[in-house]
Every structure is written in C-alpha cells, then in structure tokens.
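Scroll down for the structure; my scribbles are underneath it.
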Amino acid sequence: MKRFRYAIRQFHRWSGLLVAIPFVVISITGACLAFEPQFLRLMHSELYELPRPYAAGEVSIRSVSEKVERQLPVGMTLGALQIGRPDEAWIYEISSMRKAELFVDPSSGKILGMIDHDQGGFYQLRKLHRWLGDTLNRESDAPCVGRIVVGVFTAWSILVILSGFYLWFPRSRKSWALRFRWPGWSASGYAPEYQRHTLIGIWCGVPVIALALTGLTWSFPAYRDGFFALWGADYSQRKIKSAEADTTDCRYLWDQAWPLIRQAHPSLKKVQFEETAVEVTSLRPFPGITVTDRYLLSSASGGLNSFPREAERARNVRSGIVLVHEGLWMGLFSQCLTFLWALSGAYLSWSGVRLWRYRRLRKK
C-alpha cells in the first residue's frame with residue numbers, strides 16, 4: 001500500500017509539472033471567455049440594443065428578410081435567425097461565412113452592423129484555449145496539432161486531479177479536521193502553500209474535471225461520439241434536414257410560426273429559427289434558469305410539430321455540454337462560478353510548481 005501511494009505521489013508531482021504551463025494557459029483563457037457574451041454586449045451595445053422597442057405583431061419575418069437581402073453585397077446570403085426581446089436587434093447568421101452575425105432593426109429592416117466571431121480578441125483567446133494558438137482548417141483533412149495537444153494535456157490533467165483526491169484522503173480520523181483548516185492567503189512557506197493547494201483542489205476539483213470532460217468533446221471526435229452515446233444520443237442526428245426546406249421558403253414557415261410561438265411561450269427569452277426547425281428558450285421563475293423547447297415547422301400543418309426524438313436527444317446533450325463548459329446553466333451566477341473554477345485550475349498548477357520549488361530548496 002505504501003508503494004502504491006508513493007507511486008501515485010510521484011505521478012501527481014511530475015505529471016503536474018508536465019501539464020502546468022499548458023493547463024495554466026487553457027484555464028486562464030477559459031476564465032476570460034466565461035464572460036464573452038457580456039463583454040460583446042458592452043462593446044457593441046449599439047448593435048444589440050434598439051433605440052426603441054418594436055411591436056412583434058406588426059413586423060413580418062419574411063418582409064424584414066427581403067429588406068435585409070437588398071442591402072447585402074453579392075455573394076452574401078442569410079442563414080438562421082435569432083429573435084430576442086422587443087428591445088433587442090434581430091440577429092441573422094450569414095450562411096456564406098462560418099461564424100458571422102448580422103444585426104438588424106426589424107422596424108425598418110436596416111442593418112445595424114456585423115460581428116465576425118472568427119476575428120478579434122476573443123477569437124485569439126479561443127484559439128489559445130482550444131488549439132494553443134494553432135489554426136483549425138475545417139476545409140481540409142489536415143490534423144490540427146494544437147487541438148490534439150490541448151486534448152492530451154486536458155485528459156492528463158484529469159488524472160492528475162484524481163490522483164490528488166487520492167493523496168488528500170485522510171488515512172486516520174484525527175486527520176480530518178486538519179485537512180479542512182484554511183491557512184489564509186498571507187501565510188507563506190511550504191506548509192501553508194500545501195494546505196491551500198489541497199483545499200482548493202478538493203473544493204474545485206470536481207467542477208474543473210466537469211469542465212475538462214466537456215471540453216474534450218471539441219478535441220477528439222471519437223470521444224465526442226462516445227460521450228453522446230453514453231447519454232443515449234447520436235451526434236450525427238443533431239441537425240435536421242427536411243426535404244421541405246428545399247421546396248418551401250423557410251421564412252414563410254417562420255412567419256406562420258412566429259405568432260404561435262409568442263402565444264405558447266409568453267415568457268420567451270430567445271427564438272432561434274433554422275430552416276424548418278425552431279428552438280424557443282423561455283425563462284423560468286427562478287432567476288437565471290431557462291428551458292428550451294424545439295419544434296419542426298411544416299407548411300402542411302401550419303403549426304408547431306413535435307421534434308424527432310433522436311434529434312431532440314442529440315441537441316439536449318449538445319446544449320448540456322455547452323451550458324456546463326461555458327457556465328451558462330444559471331446565467332451570470334454560474335458564469336461567475338465557472339470563472340472562479342477556471343482560475344482555480346490555473347492556481348493549482350501554479351501552486352504545484354511552487355511546492356516543487358520549496359522541496360528543491362529544502363534539499364539544498
């Protein structure tokens with residue numbers, strides 16, 4: 001047993017040093033990205049917020065889309081549409097660009113501006129967080145080395161945290177009280193640093209593992225498929241491609257569904273139209289809690305039809321991954337928690353290096 005514990009300690013110590021620098025980069029950039037939605041709204045408030053609210057019953061999705069298309073340059077086409085509160089701009093995705101959003105005033109059909117999420121400071125942070133500064137070429141089969149490296153270090157860090165749990169667990173009843181004693185931030189030296197390292201690891205280790213497990217779905221496709229299968233879902237079923245989307249003007253379907261959605265969901269927060277599918281996010285009485293309902297649109301029925309079970313399950317798993325990893329499961333409160341958890345991951349790596357240096361100084 002002592003040999004096993006010694007082996008685990010050596011693994012935890014040297015593996016922690018190995019993953020320290022990349023894990024600090026991943027953790028700090030993840031903490032910065034936790035508040036990306038708020039920062040974007042703050043920096044581009046003139047795009048997100050309308051000067052005056054519009055009356056939802058007096059605007060037509062089809063007519064607004066036609067006005068917007070007349071203002072677009074040649075080769076640029078509109079994609080999915082997101083509608084929020086009456087005092088918020090409509091947001092069109094640009095199908096000819098991967099992650100660009102067009103902001104529109106529905107009252108006049110005027111384009112307020114555009115944000116390309118594949119450009120700017122947050123994109124650079126995301127490149128560091130997901131690919132360590134590498135670039136993922138989605139149009140070729142060339143592997144993204146940075147994505148693989150991030151995935152390997154993230155998976156290895158999970159093992160480091162789990163080994164830390166094992167080493168922390170007291171071997172006698174008398175040790176329990178000592179394990180939870182906080183030394184404060186001002187105390188210096190090996191013993192206070194060790195106590196802070198272990199306590200933050202215990203308090204924040206499980207959330208950091210949850211962030212790492214969900215983040216791995218962006219690094220390894222095989223892991224992602226297995227993660228979906230674990231929850232009884234098929235990743236390939238997350239998108240709906242209806243034959244009616246090729247023969248029907250989808251905006252006509254959106255126009256039909258828009259008043260029905262407002263009637264069925266009086267507390268709606270956001271509506272996402274995508275070809276013949278629609279996702280409705282509604283607020284719940286508890287602050288920050290939302291629920292998403294999904295429907296299929298059909299010109300034959302003219303109503304909101306039930307979503308296919310396989311696609312519903314796949315989208316639920318996908319949205320769950322995003323909510324957990326980006327800290328959106330309870331609004332600003334959960335974003336703050338995710339920010340602190342991500343920083344705690346960076347602190348664990350930094351304090352682990354400091355503990356190693358203390359030990360080296362002792363030997364000298």
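The values are calculated or read from the model by the stated rules, or taken from the named source; none is laboratory data. Bear in mind the structure is a predicted one, so any value in this text is a computation, not a measurement. Positions of Cβ are generated from backbone atoms using ideal geometry, with glycine treated the same way; all protein chains shown enter the neighbour counts.
Of all residues assigned to the stretch 300-320, none qualifies as being touching a residue at least 40 places away in the same chain (Cβ under 8 Å), in contact with a His (Cβ under 9 Å, 6 or more places away or on another chain), within 28 Å of residue 155 (Cβ to Cβ) and assigned to a helix (DSSP H, G or I). Annotation for the stretch 327-348: at least one member residue is touching a Lys or Arg at 6+ places or on another chain (Cβ under 9 Å), more than 24 Å from residue 284 (Cα to Cα) and of a type outside the set (D, E, K, R). Residues in the stretch 109-147 that are in a loop (DSSP other than H, G, I, E, B), within 30 Å of residue 56 (Cα to Cα) and in contact (Cβ under 8 Å) with a residue 24 or more places away in the chain: 109 only. Selection of helices (runs of 4 or more DSSP H) fully inside the stretch 185-281 by the criterion of at least 2 residues being more than 29 Å from residue 308 (Cα to Cα) and within 24 Å of the chain's Cα centre (by Cα) returns 190-215. Taking the stretch 244-277 as the range and being farther than 17 Å from residue 86 by Cα, surrounded by fewer than 17 Cβ atoms within 10 Å (Cβ to Cβ) and modelled with pLDDT of 85 or more as the test, only 252 passes.
I want to confirm something. Restricting to the stretch 278-292 and keeping residues that are under 15 Å from residue 84 (Cα atoms) and of a type outside the set (Val, Ile, Thr), which single residue is modelled with the highest pLDDT? Applying the filter and picking the extreme gives 279.
The selection criterion, being at pLDDT below 95, touching a strand residue (DSSP E or B) at 6+ places or on another chain (Cβ under 7 Å) and aliphatic (A, V, I, L, M), does not hold for residue 102.
The residue that is farthest from the chain's Cα centre (by Cα), counting only those in the stretch 32-61 that are farther than 27 Å from residue 260 by Cα and acidic (Asp, Glu), is 46. Taking (1) of a type outside the set (Lys, Arg); (2) in a strand (DSSP E or B); (3) in contact with a Leu (Cβ under 6 Å, 6 or more places away or on another chain); (4) free of Cβ contacts under 8 Å to residues at least 24 places away in the same chain in turn, residue 103 satisfies each apart from (4). Considering only residues in the stretch 168-184 that are among the hydrophobic types (A, V, I, L, M, F, W, C) and more than 22 Å from residue 343 (Cα to Cα), the one that is nearest to the chain's Cα centre (by Cα) turns out to be 169. For the stretch 213-243, a residue qualifies if it is touching a residue at least 60 places away in the same chain (Cβ under 8 Å), hydrophobic (A, V, I, L, M, F, W, C), out of contact with any strand residue (DSSP E or B) (no Cβ under 6 Å at 6 or more places or on another chain) and surrounded by 15 or more Cβ atoms within 10 Å (Cβ to Cβ), and the qualifying residues are 216, 218, 220, 227, 228, 233. In the stretch 182-208, what residues are out of contact with any Pro (no Cβ under 9 Å at 6 or more places or on another chain) and crowded, with 18+ Cβ neighbours inside 10 Å? Hits for the stretch 182-208 are 197, 198, 200, 201, 204, 205, 207, 208. If you go through the stretch 56-97 and keep only what is of a type outside the set (Gly, Ala, Ser), farther than 23 Å from residue 297 by Cβ and not in a helix (DSSP H, G or I), you end up with 72, 73, 74, 76, 87, 97.
Residue 69 fulfils the conditions (1) free of Cβ contacts under 8 Å to residues at least 24 places away in the same chain; (2) closer than 30 Å to residue 335 by Cβ except for a single criterion, (2).
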